[in-house]
1. What is the one condition in (1) touching a strand residue (DSSP E or B) at 6+ places or on another chain (Cβ under 6 Å); (2) assigned to a helix (DSSP H, G or I); (3) within 16 Å of Y270 (Cβ to Cβ) that I182 does not satisfy?
2. Being at pLDDT below 95, part of a loop (DSSP other than H, G, I, E, B) and either in the same structural domain as S98 (by TED's automatic domain parsing) or surrounded by 14 or more Cβ atoms within 10 Å (Cβ to Cβ) (or both): is that true of S46 here?
3. Determine, yes or no, whether Q257 is surrounded by 13 or more Cβ atoms within 10 Å (Cβ to Cβ) and either under 17 Å from the mean Cα position of the chain (by Cα) or in the same structural domain as G139 (by TED's automatic domain parsing) (or both).
4. Residue under question is L14, and the condition is that it be touching a residue at least 24 places away in the same chain (Cβ under 8 Å), of a type outside the set (V, I, T) and closer than 21 Å to E149 by Cβ; does it hold?
5. Just one of the numbered conditions (1) surrounded by 19 or more Cβ atoms within 10 Å (Cβ to Cβ); (2) touching a residue at least 60 places away in the same chain (Cβ under 8 Å); (3) under 18 Å from the mean Cα position of the chain (by Cα) is not true of I131; which one?
6. Could you grab me the full set of residues in segment 188-231 that are out of contact with any helix residue (DSSP H, G or I) (no Cβ under 8 Å at 6 or more places or on another chain), among the charged types (D, E, K, R) and assigned to a loop (DSSP other than H, G, I, E, B)?
7. With the requirement that a residue be of a type in the set (F, W, Y) and under 30 Å from L342 (Cα atoms), what does segment 1-57 give you?
8. Being over 30 Å from A340 (Cβ atoms), in contact (Cβ under 8 Å) with a residue 24 or more places away in the chain and polar (S, T, N, Q) is the filter here; which residues of segment 193-239 pass it?
Amino acid sequence: MVSTHVLLADEGVLTTIPIGSFTTEAGADIASVDIAYQRWGEFRGSNVLLIEHALTGDSDVATWWCDLVGPGKALDTDSWCVIATNVLGGCHGSTGPSSDFDGKPYGSRFPAISIRDQVEAEKRFLDVLGITKVHAVIGGSMGGARTLEWTLLYPEMLQAACVIAVSARASAWQIGIQSAQISAIERDPLWQGGDYYEGEYPAEGLAAARRIAHLTYRGEMEIDERFGTSAQAGENPLGPYRKPDQRFAVNSYLDYQGAKLTQRFDAGSYVTLTESLNRHDIGRGRGGLNKALASSEVPTMVVGVDTDILYPYHQQEHISRNLGNLLAMAKLSSPVGHDAFLVEGRQMDRILRNFIQQSLPNATESVDGVEYRLGDEYII
């Protein structure tokens, strides 16, 4: 019997839970680890929905998925206890490079971590709270990678999983584009090998990394339709000499995105979490990708985006073809690209409502009144 006597944080309040010392997959030790989290909805023992955020996301899922989390919404907090943690290595309350160790920030002393490390830390966090069962884990992008690892590391804890906009392992292209972002930060003179916390912040490097990344988060068609070859208002990028302050409109947009991230995210965490995505490979130590996927026992819905540049749809098709217990596959149709799972609220609402329905015992799958066999693909 699942216990309902678990003391959780007040609804929506960021709360930190110490989980003790931690040894990474690669063998590095972290003396003391805290995991910060938020929750919404009443805990009733077996009604937990664990939400996994993306790379620069955080535990405030009621804000970044505001159309989907709340009373009466797809992830209905009148019925479900929604819990989201801030990932190990991040900068929103959980232990990461900016955390204090021996009187100063970890900086370069913070070890490299893997997606599996992030899941292991989250499992330890649930252990401390006394939560032994989770109805479903749901995550997109880096959160999708964690969701996949959850299904393989702790299948006995889960009833279902929803894996969104991710691959079963990092491709060479993904490692390349992600490593270019890391390089942009590390080439900033203010980076100081990661030990910049007592000096100036490497904002230029982080902003440059974000500019690269943002082009992979959005769809090529969307970017072109919005900006084309237009000049930024009041600027002329077609003058006789190139000047950095005379920009195309798309350059101004990317500058804005880069500057905005520097106001809310730590460069050290960006490097740490991006490197964890480089290391993402569910087949490592499990006989390869297809064998690992086939071993999955957790009923899993796979969701992809038809215009995703970062995690192309064929990668979700590969997961669905080889998964041991495929619940269903859904395709978001959107010009937005990878970020569609964050911004296409109407489509995600229907997908998640359908996922919740299917995840219940003896559920049937239905989209707009049309029933599908479990494992079928449908397009929202």
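The values are calculated or read from the model by the stated rules, or taken from the named source; none is laboratory data. If you're wondering where the values come from, they're calculated on a predicted model, not measured in any experiment. All Cβ positions, even for glycine, are placed from backbone atoms using ideal geometry, and neighbour counts span all protein chains on display.
1. Failing condition for I182: (1).
2. yes
3. no
4. It is false that L14 is touching a residue at least 24 places away in the same chain (Cβ under 8 Å), of a type outside the set (V, I, T) and closer than 21 Å to E149 by Cβ.
5. In the conditions (1) surrounded by 19 or more Cβ atoms within 10 Å (Cβ to Cβ); (2) touching a residue at least 60 places away in the same chain (Cβ under 8 Å); (3) under 18 Å from the mean Cα position of the chain (by Cα), I131 misses (3) alone.
6. E198, R218
7. Residues of segment 1-57 that are of a type in the set (F, W, Y), as a first pass: 22, 37, 40, 43.
Those that are of a type in the set (F, W, Y) and under 30 Å from L342 (Cα atoms): Y37, W40, F43.
8. The answer is none; no residue qualifies.
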